[in-house]
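> First, the structure itself, so that you have it in front of you.
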Amino acid sequence: MDVYSYISTSCGWFLRVNIARLPRLVVLALLSLPVAGCVGPNDGLIGGRLSWFQYVSGHDMARSCARSSLERYRLIFNAEYTKQVRTYDILQNGAGARLNARVFRGSVTVDAAFSSAVQGLVGRGGARELDGPDYAAFKRTIASAEPYLGDGPVFLRSDSYYWVVLKCDAGRLVARAFTGPPAALEGLAFRRFLLDRDPTGVPVRVQRPVPADELTGFGRVYSAIEAETVDRAEGRGGPLFQFRYQDGQVGVLGG
C-alpha cells in the first residue's frame, strides 16, 4: 500500500514522497540536503531534480536582483518535464548580453529507487554573445509577449507545456507565465528569437496533446496529479509536480 508523507527540506519547501517505496537511506538523504544543492537546474543526482523548484521560482535571481543593477533574464520552456526542458539565462554585458542555454530531460523520480536518476540531468549546454541590437531586439520580444490565459492565476504542470520568464526589474524579480495550445506558444516572438540563436544544437520538442491540458484547460484550474498522465498510465512513471503563477510570482505546488 502506498504511504505518502511530506518532508521539509533545507531548500525551504515540502516534498511529497512515497515512504512505502522509498529506501530509508534515500529518505535520510532528502532530509539532509545541503543548501548548496538548491541552485541551478541540473546539479547532480538528487540536487538536479530538487533544485529545479527554486530555479523556476527564481530564488537565486531574487537575491542577485537586489544586489546588482545589471539586467538579467531567465526563460524556461517545459516541454513535458520527462521529455525536454530548455533553459536560457541572459545577463547584460555592456550594451549587449551573454546567453547561456541548456537542454535536458528530467528523469529523477522521488517515489522510486533512483535506478536511473542521473540519466538526462546533464543534458547539453552552450553559450553565445548577443550584441547591442540583438539584445535590444530580444527585450522587445519580451515586452510584446501576451499570455494566452492573461495574468493568472495559472497552474503549470510538469507533464504539460509552458514558458516561464523571469526578469530583474528595478532591483526586484518579476515573473511571467505562458501556456496554451501550440499556436499560442509557437507564436511567441521570444521563442522564435531564442530558437534562432540557440547554441545547443538540440531541436525543440514539438508540442502534442496531453491529458493535463484537458483536465485543467491549459492551467485555468488546479488538478491533483494522478495516474491519468500518459507516462504513468503506460507504466513508465515520471517526476510529476506543478507550479502556480500569480501576481508576478511562481510558487511550488504538490501533486
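Please treat every number below as a calculation from the coordinates, not as lab data. This is a predicted model, so every value here is computed, not measured. Please note: Cβ atoms are built from the backbone with ideal geometry, for glycine as well, and neighbour counts cover all protein chains shown.
> Quick one: if the Förster radius is 30 Å, what FRET efficiency do Glu186 and Gln246 give, using the C-beta to C-beta distance and rounding to 0.05?
Step by step, r from the Cβ atoms, then E = 0.75.
> Using Cβ counts within 10 Å as a stand-in for footprinting exposure, how do Ile90, Ile142 rank, fewest first? Intermediate values should be presented prior to the final figure.
Values: Ile90 22, Ile142 17.
Least crowded to most crowded, the residues run Ile142, Ile90.
> Can you tell me how much longer the chain between Val174 and Asn100 gets when fully stretched, taken as 0.36 nm per residue apart minus their C-alpha distance, in nm with one decimal?
24.7 nm
> Given R₀ = 30 Å, what would the calculated FRET efficiency be for Leu195 paired with Tyr222, taking r from the Cβ atoms and rounding to 0.05?
It comes to 0.50.
> As an exercise, use a Förster radius of 25 Å and the Cβ-Cβ distance of Arg63 and Leu253 to find the FRET efficiency, rounded to the nearest 0.05.
For Arg63 and Leu253, the calculated efficiency is 0.65.
> Less than 18 Å from a label point 7 Å out along the Cα-to-Cβ axis of Arg128: which backbone N atoms in the range 83-97 qualify, by residue?
86-93, 96-97
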